[in-house]
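Notes for the one structure printed next.
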Amino acid sequence: MKKFIETIKNIFRIEDLRQRILYTLAIIFIYRLGSHIVLPGIDPASLGAFTQAAQEGLMGMLDLFSGGAFSNASIFALGIMPYISASIVIQLMTLAVPYFQRLQKEGESGRKKINQITRYLTVLVVAVQAPAYIVNLTQQQFTGAISPTLLNSTFLGISAFSVCAFILLIAGTLFVMWLGERITDKGIGNGISLIIMIGIIARFPFALQAEFASRITDANGGPIIFIIEIIMLMLIISVCILLVQGTRRIPVQYAKRIVGNKQYGGVRNFLPLKVNAAGVMPIIFAQAIMFLPLTFISMGTTNPSGFWYSFIDYNGLGYNILFFVLIIAFTYFYTAITINPNQIAEDLKKNGGFIPGVKPGKQTANFIDEIMSRITLPGSIFLGLVAILPAIVRLFGVNQQFAQFFGGTSLLIMVGVVLDTLQQIDSHLRMRNYDGLSKSGGFRGRTL
C-alpha cells in the first residue's frame with residue numbers, strides 16, 4: 001500500500017504526465033456529459049420503451065460501446081463505431097489498392113492523408129447509419145417521446161426532426177472522433193480505444209445491479225450464485241490478461257552488443273512473438289462488421305425472422321458462428337499487417353544478429369513467418385471462444401447486460417486498453433528514473 005501511494009505521488013510529480021492525465025480526464029468528462037444530451041425534440045422521460053428495446057440483443061452491444069448514449073437517444077448515439085468501420089475499410093484498402101500502399105510508404109505525410117480519407121469515409125458511414133437510427137426512433141411505439149411539432153413539420157416529405165437528428169448524429173460522431181484524437185495527441189494516448197473502454201465501463205455498474213436483482217427477485221440461485229459468477233468473472237479476466245500478454249520467445253544470437261563504450265560478444269537474447277499479436281483488434285473489427293445488418297434492418301421490429309435477422313440475434317447460433325470465423329480471419333489479417341517477417345529478418349541482419357540454426361535473410365523470414373502462423377491459429381481460436389462466451393453463459397441464466405461483460409468484446413477491450421494505458425504511464429515513470437507500476441514494466445495492450 002505504501003509503494004502504491006508513493007507511485008501515485010511520483011505520477012503527479014512529473015508535470016508532463018500530470019497534465020496529460022488531467023487533460024484526458026477532462027476530455028472523458030466532456031464525452032460522458034455529451035452522452036446524456038438528447039436529440040432536440042425528444043422528451044427523455046418518455047424514452048422508456050426505446051431504452052428497453054435498445055438494451056436487448058445486438059442493439060445492446062451498440063449501447064454498450066456508446067456508454068448508454070444509444071439508448072439515451074443522445075447526440076453521441078452512434079458513438080465511435082462508424083470511425084472504426086471506416087478504419088477497417090481503409091486498412092483493407094492499404095493491402096489491395098496501390099494508391100493507399102504508396103501513401104503508407106510516404107511516412108508522416110502519407111499517414112496524415114490516410115487519416116483525412118478515413119474521416120471523410122466516417123461521414124459517409126454515419127450518413128448511412130443515422131437514417132436507420134432515426135427510423136427506429138420515429139416508429140409508432142416511440143413517437144410519444146418526440147415533439148409532434150417537429151414530427152409534423154416536413155420539408156420535401158422529411159420531418160424537421162429527422163433532418164435535425166441526421167445533422168446532429170453526424171456532428172456527434174465527428175466530435176467524438178475529434179475527442180479521441182485529442183487524447184492521443186495531448187493526453188495519455190490511445191484516445192479511440194480509451195473512449196470505447198470508458199463507454200463500456202460506464203455500463204458495468206448497471207449490468208452488475210441488474211444481475212444481482214435478477215438473482216434475488218427471481219429466486220434464481222440467490223446471492224451464492226451471484227458470488228460464484230463474480231469469482232468466475234475474475235478468472236476470465238485473468239485468462240484475458242494472459243491472452244493479451246502471452247508471448248513465445250525465439251532465441252536470437254547477437255555477434256556484438258554495444259552498451260555505452262563497451263562491446264560484449266556472444267550475448268544470447270530472445271525475439272518475443274506474441275501468441276495473440278493482434279490483441280483485441282480482431283474482435284473490434286469483427287464486431288463492427290456484425291453491426292452492419294442493423295443499418296439495413298428495421299431495428300424496432302418485434303419477433304424478427306428471415307435470413308438477415310439471424311445475424312442480429314446476439315445469442316443465436318448463426319450469429320456466433322459467423323462472429324467466431326470473422327475473428328479468426330481478422331486475427332490473421334491484423335497480424336499480417338503489424339508483423340513483417342521480412343523486415344524483422346532484415347533488422348536482425350543489419351544488427352549482426354541471427355536465429356541459431358537458421359541462415360540470415362530469406363530463410364530467417366520464412367522461419368519467423370512459419371512460427372507466427374503456428375502460434376496465431378491457437379491464439380485466434382482462443383480469442384474467438386472468449387468472444388462468444390457471453391452467448392454461452394446466457395444458457396445458464398445470466399442476465400443479458402451482465403453476460404456482455406462475461407468475456408466477449410467488452411472484457412477483452414477493457415483488459416487490452418487498461419494494460420496499454422498502464423504501460424504508457426509506466427514508461428513515463430521509468431523515463432524519469434522513478435519506479436514503474438510493475439517490476440518488469442511488462443504491461444502490453446493494444447491500441448486502435
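The values are calculated or read from the model by the stated rules, or taken from the named source; none is laboratory data. Keep in mind it's a predicted model, so treat the numbers as computed, not measured. Note: ideal-geometry Cβ built from the backbone for every residue, glycine included; neighbour counts use all protein chains shown. These accessible areas exclude ligands, DNA and RNA; they are computed on the full protein's heavy atoms, side chains included. Shrake-Rupley method; radii C 1.70, N 1.55, O 1.52, S 1.80 Å.
Only residues that are among the hydroxyl-bearing types (S, T, Y) and not in a loop (DSSP other than H, G, I, E, B): list them for segment 384-434, please.
Within segment 384-434, the first condition is being among the hydroxyl-bearing types (S, T, Y), and the residues that meet it are 409-410, 421, 427, 434.
Correct list: T409, S410, T421, S427.
Scan segment 1-37 residue by residue and report those that are assigned to a helix (DSSP H, G or I), within 20 Å of I170 (Cα to Cα) and open to solvent by 80 Å² or more (accessible area, probe 1.4 Å). Across segment 1-37, the qualifying residue is only L33. Within segment 185-217, can you find the residues that are closer than 16 Å to D63 by Cα and without any contact (Cβ under 8 Å) to a residue 60 or more places away in the chain? P205, the sole residue that qualifies. Consider segment 179-213. How many of its residues are more than 30 Å from Y23 (Cβ to Cβ) and surrounded by 19 or more Cβ atoms within 10 Å (Cβ to Cβ)? So the answer is 1.
Does G157 meet the test of being within 18 Å of the chain's Cα centre (by Cα) and at pLDDT below 80? Walk me through how you get there before you give the answer.
Working: within 18 Å of the chain's Cα centre (by Cα): no; at pLDDT below 80: yes.
No; evaluated as a whole, the condition is false for this residue.
Considering only residues that are open to solvent by 80 Å² or more (accessible area, probe 1.4 Å) and over 16 Å from A278 (Cβ atoms), look in segment 321-345 and name the one that is nearest to the chain's Cα centre (by Cα). It comes out as I321. The residue pairs whose first member lies in segment 86-107 and is free of Cβ contacts under 8 Å to residues at least 12 places away in the same chain, whose second member is surrounded by 15 or more Cβ atoms within 10 Å (Cβ to Cβ) and small (G, A, S), and whose beta carbons are closer than 7 Å, counting only pairs six or more residues apart or on different chains, are L103/G110; Q104/G110.
Here A387 passes the criteria (1) open to solvent by less than 80 Å² (accessible area, probe 1.4 Å); (2) farther than 30 Å from S214 by Cβ except the one numbered (2). S87 satisfies every condition listed in (1) hydroxyl-bearing (S, T, Y); (2) at pLDDT 80 or above; (3) over 26 Å from T331 (Cα atoms) except (3).
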